[in-house]
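Laboratory data are not the source of any read-out in this text; all were calculated from the coordinates shown. Keep in mind it's a predicted model, so treat the numbers as computed, not measured. Using ideal geometry, Cβ is built from the backbone for each residue, glycine included, and neighbour counts are taken over all protein chains shown.
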Amino acid sequence: MESLKNEIERVIPEYKVGIAHGKLKKNEIRQIMNDFIGGELDGLICTTIVEMGLDIPNANTILIINSHKLGYLNYIN
């Protein structure tokens, strides 16, 4: 996840990316989500902890890497 974040920020330096995953403390995840909702972050790289039921108006694109391993085929319309 960190290498993907670094690559995105290398290619698009003005694009600020956060990372959220289950190994972070709940308050860290909450802060990252608040930063994204508040516009301090332009994008998120996350595990499945946040993509289901996401209701954030400025979240207009979700990329699910290796979705074939997660059983998400029925979500693709």
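Remarks
- Between K23 and K69, the distance separating the two model label sites (each 7 Å from Cα on the Cα→Cβ line) works out to 1.4 nm.
- For I19, distant residues with modelled amide H under 5 Å away: I45
- What the Cβ-Cβ distance of D35 and E2 gives, at R0 = 22 Å and to the nearest 0.05, is a FRET efficiency of 0.85.
- Modelled FRET efficiency - R0 22 Å, I56 with Y15, Cβ distances, 0.05 increments: 0.85
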